[in-house]
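Colleague: Below you'll find the structure I mean.
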Amino acid sequence: MSTAIYPGTFDPITFGHIDIAARASKIFSKVIAVVAVNPSKNPLFTTEERVELARESLKEIPRIEVINYEGLIVNCVAEYGAAAIIRGLRAVSDFDYEFQMAFTNRNMLAAAETVFFMPDAKYAYLNSTHVKQIAIHGGDIGGFVPEIVKQRLLEKMKV
Ligand code: ADP
């Protein structure tokens, strides 16, 4: 039984996140998507909204759970007895940040192994920030996020 933690802001969840979660669930017996309570990132969606949208969007993936967590990801790893931290690597631009983060986590908890997955090429340049920008300007985001996320984004834009 090997559990993996998949942490992120998920503001909001996109097809790129879903792709990575699906790949991880083929390798690990349980994947816990951890929605980071991260006020410094000033998320558009509340923690509860991000959890709800992630749950709905990931419901077809077997053996996956969605939780929220406030605090260090290594504490979450220890609490759940996880064997790995899952992160997605898109382009080279992700590498330096992810590399530093993986070493920092390992320095805090030697057992914290970070495992990277690459998404399908069509999601290699997809990120939540761009999706929000496109939505703000009235562009079509149907190819980037599930229908429920699209609807919630459009509602947010009206407020
Ligand atoms: P964070 O603020 O922790 O970077 P994100 O929600 O932006 O949170 O991303 C969580 C993880 O998902 C990161 O490892 C990120 O690289 C990965 N990710 C996000 N979008 C994609 C994508 N389109 N393809 C692959 N990985 C992705």
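Computed from the coordinates by the stated procedures, all read-outs in this text should not be read as laboratory data. Keep in mind it's a predicted model, so treat the numbers as computed, not measured. Cβ atoms come from the backbone with ideal geometry, glycine included; neighbour counts cover every protein chain shown.
Colleague: Please report HIS130, HIS137, HIS17 as a ranked list, fewest other C-beta atoms within 10 angstrom at the top and most at the bottom.
Modeller: Values: HIS130 14, HIS137 8, HIS17 25.
By the 10 Å Cβ count, ascending: HIS137, HIS130, HIS17.
Colleague: Which lysines have a Cα lying under 27 Å from the Cα of LYS30, excluding residues fewer than 8 positions away in the same chain?
Modeller: Partners within reach: LYS59, LYS122.
Colleague: When N counts the residues of region 118-159, how does its alpha-carbon radius of gyration compare numerically with 2.2 N^0.38 Å, as a ratio?
Modeller: Relative to the rule-of-thumb radius for its length, region 118-159 sits at 1.17.
Colleague: For region 3-125, would you read off the P(r) tail past 18 Å as a percentage of all alpha carbon pairs?
Modeller: Here the long-distance tail beyond 18 Å is 50 percent of all Cα pairs in region 3-125.
Colleague: Between exposed GluC sites (Glu not before Pro) in the chain, where DSSP calls loop and at most 16 other Cβ atoms lie within 10 Å, what's the longest gap?
Modeller: Values: sites that count: GLU60, GLU70.
In the chain, the maximal stretch lacking such sites is 71-159.
Colleague: With a cap of 15 neighbouring Cβ atoms within 10 Å, and only residues DSSP puts in a loop, list the trypsin sites (Lys or Arg not before Pro) found in region 1-67. Walk me through the intermediate numbers first.
Modeller: Numbers: sites: ARG23, LYS26, LYS30, LYS41, ARG50, ARG55, LYS59, ARG63; in loops: LYS59, ARG63.
In loop regions of region 1-67 (DSSP not H, G, I, E or B), the sparsely surrounded trypsin sites (Lys or Arg not before Pro) are LYS59, ARG63.
Colleague: Quote the relative contact order of the chain in percent (integer), defining contacts as alpha-carbon pairs under 8 Å separated by 6+ residues.
Modeller: 29
Colleague: Out of region 50-159, which chymotrypsin sites (Phe, Trp or Tyr not before Pro) are coil in DSSP terms and have no more than 13 other C-beta atoms within 10 Å?
Modeller: Passing sites in region 50-159 are TYR125.
Colleague: Could you work out the relative contact order of region 3-96? I mean the mean sequence separation of Cα pairs under 8 Å and 6+ apart, divided by the number of residues, in percent. Show your work: numbers first, answer last.
Modeller: Numbers: 137 pairs, mean separation 36.9, N = 94.
Relative contact order comes out at 39 percent.
Colleague: Find the centroid of the Cα atoms in region 86-118 and in region 7-48, then give the distance between the two in whole Å.
Modeller: 15
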